[in-house]
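FYI, it's all coordinate maths here, none of it is from the lab. Remember, it's a predicted structure, so these values are computed and weren't measured experimentally. Here the Cβ positions follow ideal geometry from the backbone for every residue, glycine too, while neighbour counts run over all protein chains shown.
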Amino acid sequence: MSAESLHAEVLTPQAYIQHHLTNLTLGLHPEHGLAFAHNAEEAAAMGFWALHVDTMLWSIGLGYLFIWFFRRVAENATAGVPGPAQNFAEWIIDFVNENVRGSFSAKNDMVAPLALTIFAWVFLMNLMDLVPVDLIPWVFGQVMSIFGADPHHVHMRAVPTTDPNVTFGMALVVFAAVIYYSFKCKGTLGFAKELTMQPFGKFGLPANLLLEGISLLSKPLSLSLRLFGNMYAGEMIFILIALMYGHSALLDVSGMTLQLAWAIFHILIITLQAFIFMVLTIVYLDMAHQEHH
């Protein structure tokens, strides 16, 4: 779909881009009380505790889809000739297990299920970036217009990983697991020594604490910002390509060509980002289980 399908004759390119980058936000507005934001300015005025309803709906819905699919495959699994769904599920599980065996040297039955959940969930959320940028907002706008809403003020972002709240939320959960297993496997004293005695020994305590503290805090930042940055950039490129439609036949053909080329290349990006998030999670948990002497 093109920008024309979302009333581009009214929206300027800047307004069109802003519309697509604004979440369906519910919060306490200083003047209107509890309400949905009509634009980015109102969403910003609602502050930190505003809720991105579209992010919640899509992320939870895709998480449920992942659980439903693997549960259904498990219930119908057979020891004989497996069907396509079972083959696909087993291939993903084997792929995740190989990465866990290659990157995780300790023993923890939680790591492989966590890695599988991260890979499948992040991939599904990233995959929404391949849906035409105007399709879901347009459908949602038409549905809401039945109830008297102005489609220009109806927002719906369908790619949860373009919302930093999602990527930081997942990264903080992984970080909490890293801290927990660091204390559990090394003890309070062992973890404290790791932060203060490396790499320069006991005489370099301030420098050790600074370097190890930065290294520790960089883990959730690297996880969240890498995923968010790549997916946000991908979404922005799709939006910019959509702006090419509706002006001339040449631009329409050019837009279609660029859209197809970027979508094919983006398949690699969304898969790679899910893989990197999973592998880094495994590596960070492995580091949390290792005792340094």
query = Given N residues in the chain, what is Rg(Cα) / (2.2 N^0.38 Å)?
reply = 1.20
ask   = Which one of 130, 119, 249 has its Cα pushed farthest toward the positive end of the charge dipole of the chain, where Lys and Arg give +1 and Asp and Glu give -1 at the Cβ?
value = 119
request  = Let me know the Rg and Dmax you get for region 22-74 when you use only its Cα atoms, in Å.
outcome  = 15.5, 51
query = Given 20 °C and 1.002 mPa s, how large is the Stokes-Einstein diffusion coefficient of region 154-194 in µm²/s, with Rh as the Kirkwood radius over Cα pairs?
reply = 174 µm²/s
query = Rounded if a/c is under 1.5, else prolate if a/b is larger than b/c, else oblate: which is region 75-127, with a ≥ b ≥ c the root eigenvalues of its Cα gyration tensor?
reply = oblate
ask   = Under a no-solvent Debye model with one identical scatterer per Cα of region 110-202, what's log10 I(q)/I(0) at q = 0.12, 0.23, 0.24 Å⁻¹?
value = -0.63, -1.10, -1.13
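Please compute the volume of the convex hull spanned by the alpha-carbon atoms of region 180-219 and report it per residue in Å³.
Values: hull volume 2.3 nm³, N = 40.
Roughly 59 Å³ of hull volume per residue.
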Positive minus negative residues near residue 52 (Lys, Arg vs Asp, Glu; Cβ under 14 Å) = -2
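Just to confirm the filter: which chymotrypsin sites (Phe, Trp or Tyr not before Pro) across region 190-293 are DSSP coil and have at most 14 other Cβ within 10 angstrom of their Cβ? Write out the running numbers ahead of the final one.
Numbers: sites: 191, 200, 203, 228, 232, 238, 245, 262, 265, 275, 277, 284; in loops: 200, 245.
Taking region 190-293 and a limit of 14 other Cβ atoms within 10 Å, the loop chymotrypsin sites (Phe, Trp or Tyr not before Pro) found are 200.
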ask   = So what's region 209-260 giving for Rg/Rh, alpha carbon basis, Kirkwood Rh from the mean inverse pair distance?
value = 1.40
request  = Output the Kirkwood hydrodynamic radius of region 198-293, Cα pairs only, in Å rounded to one decimal.
outcome  = 16.9 Å
inquiry  = Using only the Cα atoms of region 157-248, what are the Rg and Dmax in Å?
reply    = 20.1, 70
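For region 6-108, count the residues as N, evaluate 2.2 N^0.38 Å, and divide the Cα radius of gyration by that value, please. Before the final figure, lay out each step's value.
Details: Rg = 22.3 Å, N = 103, 2.2 N^0.38 = 12.8 Å.
Ratio of Rg to 2.2 N^0.38 Å for region 6-108: 1.74.
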inquiry  = Please report, ordered by residue number, every helix of the chain (full DSSP H runs) that is 18 Å or longer along its axis going by C-alpha atoms and whose mean Kyte-Doolittle hydropathy reaches 0.5.
reply    = 53-75, 111-127, 164-196, 205-242, 249-289
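For region 12-55, which chymotrypsin sites (Phe, Trp or Tyr not before Pro) pass both filters: DSSP loop (anything but H, G, I, E, B) and at most 12 other C-beta atoms within 10 Å? Could you put the intermediate results ahead of the total?
Numbers: sites: 16, 36, 48, 49; in loops: 48, 49.
Of the chymotrypsin sites (Phe, Trp or Tyr not before Pro), the ones in loops of region 12-55 whose Cβ has at most 12 other Cβ atoms within 10 Å are 48, 49.
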Overall Cα dimensions of region 103-164 - principal axes, largest extent first, Å = 58, 20, 17
note = Among 53, 77, 40, the residue whose Cα sits farthest towards the positive end of the charge dipole of region 14-113 (+1 at Cβ of Lys and Arg, -1 at Cβ of Asp and Glu, taken about the Cα centre) is 77
